[in-house]
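Have a look at the structure below before the remarks.
The values are calculated or read from the model by the stated rules, or taken from the named source; none is laboratory data. This one's a predicted model, so the numbers in the text were calculated from it and none came from an experiment. Heads up, the Cβs are rebuilt from the backbone with ideal geometry, glycines too, and the neighbour counts pull from every protein chain shown. Note: areas computed on protein heavy atoms with side chains; ligands, DNA, RNA excluded. Shrake-Rupley method; radii C 1.70, N 1.55, O 1.52, S 1.80 Å.
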Amino acid sequence: MRVVISSSRSSLNGGRGRVLRLVFAVLVQLHACAAGLQQQQQQQQNAAGATEAAATAVVHKCCGRDEIVVVNRCRKANETGTAPWTPEFSASHEDEPAAGQNILPASSVPYKLATGFPNCKTRQQWLVYHYRGSGDRLVLYPSGKLRHYVLKHQHGSSEEQQQQHRDFIVDHERSFDYEQGFYCLDKVIDIDRPDINAQVAVICTPQIPSPWTDSDFVMRRIVNPICHAIAMACLLLVAIVHFVLPQLRDLIGNMVTTLAGCMIVARIANIVRIFVEYNGPVSYLTADAFLYTFTLGSFFWLNAMGYYIWRTFKSRNVFLRITDGRKYCYYSLYVWGCTLTMSGMSLFAHLILDSRHNNVNRNYSSHPSTTTSIEGAIGWLGIAVIFVPVICTILVNLFFYVSTKTVIKRMSTYGQIHHKMKYSFDMFSKLFAIMVVDLTLFILSWTQYDSLFYVHVVFNPIQAALVLYVTVIRPKRVKFLLRKACCYERCILPCCRPKETDVQAGTEWGEEMMAFNTADY
């Protein structure tokens with residue numbers, strides 16, 4: 001009997017131990033859950049506090065909390081009889097280009113003041129005043145960023161109206177942003193005019209990068225004019241050689257001279273268009289008109305050259321009684337008549353028919369990302385009127401090239417005039433290819449891709465150098481005439497004296513007497 005009671009007591013004690021251990025484990029789990037919840041709640045409170053602190057804008061005030069600026073000094077606001085300064089936040093977003101006119105009340109934006117002037121270190125401190133009629137506008141955003149707009153005056157109808165209602169409009173291209181720590185704002189009053197509600201900002205002048213470190217500025221403002229100057233020098237040499245040497249003053253030589261002159265005038269007009277800030281609308285329109293007019297004229301002169309060569313090979317009787325001077329006059333009437341007519345139609349279309357007056361942005365400003373239109377530039381309608389005949393002349397010249405090439409291949413024998421025209425046709429075909437490539441790059445430079453504009457800038461002197469090579473350096477006759485006229489036996493440099501091959505080149509053109517030094521007799 002005693003054994004049974006003791007065994008029952010031991011089993012009862014074992015059951016109690018298991019229950020106690022189970023209760024202890026449950027309490028440990030509850031404590032861990034409570035600690036996790038408390039830690040999660042603490043993290044949420046910290047995150048909310050950080051978010052609230054991040055959302056609170058820090059506004060930098062120049063003087064103390066109860067002080068304002070009076071004649072460049074900080075004084076108590078109650079001594080001046082005015083209320084202390086409170087920040088005025090703009091309702092517009094920071095990514096909007098215009099300065100916001102809507103002002104948010106200071107109570108609607110959480111902020112905290114940080115007093116003291118900014119530490120500009122190596123930068124210079126600058127004072128900016130903002131009041132009605134001033135040339136500056138200060139805009140404070142809820143994030144604490146300060147934006148400074150430089151304004152343009154909006155001219156009124158009379159001087160009296162300008163004095164009474166003087167106002168300014170925003171110049172979106174001239175604005176500067178100042179982050180926290182690089183500015184301070186405050187209220188400013190003048191003893192003579194205490195009624196003016198003005199603000200003053202002490203700012204650290206922004207670090208404006210040097211334009212010489214901007215590759216785009218260097219390409220557009222430095223390399224581009226230099227390339228134009230090199231191109232004009234090459235083309236001027238072409239015009240001088242064909243104008244000075246009497247043996248080259250035939251019809252083809254006069255056409256080459258006039259063609260080079262048109263290219264020179266077009267490049268001078270293009271240089272004027274590069275520096276937009278120094279041009280008014282009338283001067284820029286004039287430069288645009290000269291550029292497109294003489295570009296069109298150069299293609300019409302190339303078309304006249306191709307027609308003359310094609311007609312010479314197609315004609316059975318090449319010994320015409322009309323002189324080269326009279327022929328040049330006839331071709332001049334055709335070229336300049338068509339050029340001036342199409343240029344007049346282009347200006348008429350731009351000034352009268354283009355009702356939108358949308359000027360073209362062809363990236364001739366200081367930076368290609370500017371979307372403002374160039375005032376005075378010819379619009380797309382006027383450009384279309386100019387370049388449609390250019391495309392037509394290219395197609396006609398292509399027909400002249402194919403047709404003349406076919407005639408030359410079929411000819412078994414030809415005389416001296418055809419022999420001369422064969423060299424003229426070779427020069428015409430090469431000039432045609434060079435000018436078409438240059439026109440294509442010129443049109444592609446209007447796009448928003450900077451690389452295409454840079455290619456056009458670099459190819460500009462290359463095109464002029466190729467024209468010089470095709471018309472002066474490559475032809476043996478021109479080299480012989482240059483050496484004959486410039487340096488013969490008296491030349492200091494032996495390499496520049498005419499060689500036997502040059503003399504033979506002269507005899508090919510019927511200039512045997514000049515080859516034997518008997519041209520003066």
Solvent exposure ordering (accessible area, 1.4 Å, most first) of 336, 126:
126, 336
Would you grab the residues whose amide H sits under 5 Å from the one on residue 377? Only those 5+ places off in sequence or on another chain, please, with H modelled 1.01 Å from N.
360
Tabulate in residue order the Karplus-calculated ³J(HN,Hα) for the stretch 431-442, using 6.51 cos²θ - 1.76 cosθ + 1.60 with θ = phi - 60°, rounded to whole Hz; enter x for Gly and Pro.
4, 4, 5, 5, 5, 5, 5, 5, 5, 4, 5, 5
Amide H neighbours of residue 104 under 5 Å, at least 5 residues apart or on other chains, H built in the peptide plane: list them.
89, 90, 91
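Give the calculated FRET efficiency between residue 207 and residue 240 to the nearest 0.05, with a Förster radius of 41 Å applied to their Cβ-Cβ distance.
Efficiency for this residue pair is about 0.25.
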Between the modelled labels at residue 229 and residue 190 (7 Å from Cα along Cα→Cβ) the distance in nm is 4.8
In whole angstrom, largest first, the equivalent ellipsoid semi-axes that the Cα gyration tensor gives for the stretch 404-479 are 34, 15, 6
Check residue 186: other-chain or 5+ apart residues with amide H under 5 Å from its amide H, H built from backbone geometry?
62, 200
At a Förster radius of 45 Å, what calculated FRET efficiency corresponds to the Cβ-Cβ distance of residue 452 and residue 115, to the nearest 0.05?
0.25
Applied in sequence order to the stretch 135-146, the curve 6.51 cos²θ - 1.76 cosθ + 1.60 (Karplus, θ = phi - 60°) yields integer Hz couplings, x standing for Gly and Pro, of x, 10, 9, 10, 10, 9, 9, x, 6, x, 7, 10
³J(HN,Hα) across the stretch 328-336 via Karplus (A = 6.51, B = -1.76, C = 1.60, θ = phi - 60°), whole Hz, x for Gly/Pro?
4, 5, 5, 5, 5, 4, 5, 5, 6
